[in-house]
Each structure stands twice: as structure tokens, then as C-alpha cells.
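The values are calculated or read from the model by the stated rules, or taken from the named source; none is laboratory data. All figures in this text were calculated on a predicted structure; none of them were measured in a lab. Just so you know, the surface numbers come from the protein's heavy atoms only, side chains and all, with ligands and any DNA or RNA stripped out. Shrake-Rupley method; radii C 1.70, N 1.55, O 1.52, S 1.80 Å.
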Amino acid sequence: LSVSVRRTFAADGADSGAVIVSRDVTSELTALRARDSLVASVSHELRTPLTSIIGYLELAIDDPDVPAHARGSLEVAERNAERLLGIVSDILTASSRSEKSADLTVAQQDIDVAEMLRASGVAYRPSAAERGIEIEIDEIAHVRAYADPLRMRQVLDNLVSNAVKYNRDGGTVSLAATSDGLSTWLTVTDTGIGMSRDALGRLFERFFRADASRTGGTGLGLSIARDLVRAHGGDITVESTPGIGSVFTVRLPASAEALDSPAPADLTE
Ligand code: ADP
């Protein structure tokens with residue numbers, strides 16, 4: 001049952017009672033669960049053929065008999081198949097989470113975040129270059145974090161691909177990291193479309209997209225990214241100015257000891 005209660009007042013301010021509305025939401029919940037499980041099984045079924053497509057494309061790209069002009073097309077096909085696989089994986093992560101509502105598990109270890117930022121930045125350079133967007137990577141020496149390398153790569157890939165996707169042609173994406181020994185901060189800054197105050201408040205909601213008319217997104221990436229970072233004992237925050245760009249900041253514990261003595265809570269949400 002969904003129940004809401006509202007106090008009512010007369011024009012002179014006198015208390016005139018309350019309105020109580022109760023509604024049976026069983027059918028809505030059943031429909032939502034059915035949608036989630038349909039989406040989950042379709043996504044699951046898509047993974048196997050997609051993985052096979054990517055494997056064969058890679059084989060063809062590596063084949064020395066393939067002429068250069070054909071290789072270019074194969075590489076574009078392979079990049080897009082990888083993107084599709086990323087979307088399918090996001091949908092699966094989101095639906096398995098809603099089914100079990102279990103915490104996402106992370107296997108934390110001491111990692112070099114500068115190395116990870118570089119790898120993520122380099123991976124997106126070719127697709128960014130298609131729109132004249134440059135990905136700059138700060139020279140950062142030995143910034144450490146206590147994090148799960150695979151999960152954090154997933155988070156960074158999401159932030160970097162968004163910073164490219166929501167950028168203007170010819171724009172810039174800058175990646176940087178810094179640490180005070182207790183916390184480590186990674187920032188992904190773009191010169192893109194930015195977002196309104198209203199969108200900022202809802203950015204990390206599942207399926208939220210500021211501009212639903214744009215194609216090529218599920219609205220799941222950031223909600224998953226935030227859950228993953230929080231599972232590390234960290235958080236993601238964002239600052240943005242419409243028309244100027246956005247800065248996403250990921251805070252992580254700098255070391256295992258730092259995780260045991262948590263940093264003060266973030267002031268921004
Ligand atoms: P998706 O990109 O698949 O739509 P996300 O969860 O990654 O889903 O992002 C949710 C929404 O937040 C996007 O649809 C977009 O409107 C907005 N957004 C995300 N990153 C940026 C960014 N760097 N600049 C402007 N808007 C962004």
C-alpha cells in the first residue's frame with residue numbers, strides 16, 4: 001500500500017483536518033518486476049553473440065591480408081560493438097542489483113590511480129578524435145588508492161565516455177588525480193554542454209537522462225558508478241555550469257589504513 005497524509009487548513013489558518021489517500025500499488029510493483037526481469041534476460045541473451053562478434057572482428061583486424069581501408073571499417077565496427085557490450089553490461093548490473101538489492105562487492109587493493117586514469121584516457125582517444133576532442137592526462141606521479149582495479153576502470157570509463165559524449169566538437173577532457181595521504185581524488189573535467197541545477201540533483205538516479213531526445217544512452221552509467229565508488233568507502237560529486245562544462249570528482253580511500261579511519265563526509269552531495 002502507498003499511503004499519503006496531508007493536513008488541511010481553512011482560509012483563516014484554522015486546522016480543518018487531514019486528507020488520507022491510500023492506494024494499492026501491487027500491480028505497479030508486479031509490472032516493474034516483470035520489466036526488470038525481461039530486461040535482464042534480454043541483456044543476458046545479447047551478451048554471448050556480441051562477445052562472439054567482437055572476437056571475430058578482432059581476428060579480422062589482426063589478419064595481415066585485410067586491406068587497410070577495410071581494417072578502418074572493421075575497427076569502427078569493433079568499437080561500436082564494444083560500446084554495445086558496455087551498455088548491455090550496465091543494464092545487467094543494474095537489474096541484478098534491484099533483484100537482490102545486495103551491496104556491490106569490491107575487492108580492494110593498493111593501486112596506482114595515475115596509471116588507471118592514463119589507460120582509460122588513452123582508450124577513448126580514438127573515438128574522441130573523431131569529433132576533434134582532445135583528452136589531456138595530467139602528469140601525475142605515484143598517486144595511490146585502495147580500490148578494486150576492474151570496478152574503478154568501469155567507473156572511469158563511464159565518466160570519460162560521458163565527458164566525450166556530452167562535449168562540444170573540438171572540446172577538451174582533462175584527467176587529473178591528487179592525494180593528501182588519507183583520501184585520493186580523481187577528476188574528470190569537460191568543456192561540454194554542462195547541466196542545469198535540476199539535472200544535477202537527479203544525475204545519479206537510475207535511468208535519468210537530462211536530455212532524453214539524445215540517442216545513445218541508458219541513464220544507468222552514473223547510478224552504477226556512484227554505487228561502485230560508495231562500495232569502496234568513497235563518493236562521487238559533480239559541479240557543472242551549463243554551456244561551460246562539468247567536473248566529476250571521485251574520492252577514494254588512499255590506503256587500507258585510510259579506509260579504517262574514514263575521512264570526514266563530503267560537504268557536497
Ligand atoms: P547515459 O550517458 O547512458 O545517458 P549516465 O548515467 O552516464 O547515462 O548519465 C546520465 C545523464 O547525465 C546523461 O544522460 C546526461 O544527460 C547527463 N550527463 C552525464 N555526464 C555528463 C557530462 N559530462 N556533461 C553533461 N551531462 C552529463
Under a 1.4 Å probe, counting only protein heavy atoms, Arg125 has an accessible area in Å², nearest 10, of 100 Å²
Take the chain, connect every pair of alpha-carbon atoms lying under 10 Å apart with a spring to form a Gaussian network, then pick out the residue of Ser255, Ser22, Ser161 with the largest mean-square fluctuation.
Ser22
Determine the per residue accessible area of region 113-269 with all protein chains present and a 1.4 angstrom probe, expressed in square angstrom.
48 Å²
Can you tell me which of Leu252, Leu84, Leu32 moves the most in a GNM of the chain? Springs connect C-alpha atoms under 10 Å apart.
Leu32
To check you understand DSSP bridge types, tell me what percent of the beta bridges within the chain (both residues inside) are antiparallel, rounded to 5.
90 percent
Where q = 0.15, 0.16, 0.18, 0.22 Å⁻¹, what log10 of I(q)/I(0) comes from the Debye formula for region 188-232, counting one point per Cα?
-0.42, -0.48, -0.60, -0.87
I want to verify a result. In a Gaussian network model of the chain, Cα cutoff 10 Å, which of these has the top mean-square fluctuation: Thr187, Thr241, Thr249?
Thr241
Return P(r) of region 115-269 (all Cα-Cα pairs; 5 Å bins starting at 0; whole %; ordered from short to long distances).
2, 9, 19, 23, 22, 15, 8, 3, 1, 0
Shape of region 35-99 from its Cα gyration tensor (a ≥ b ≥ c, root eigenvalues): rounded if a/c is under 1.5, otherwise prolate when a/b > b/c, or oblate?
prolate
Of all DSSP beta bridges with both partners in region 31-182, the antiparallel percent, nearest 5, is 50 percent
Sequence-separation-based contact order of the chain, relative, with Cα cut under 8 Å and 6+ spacing, percent:
15 percent
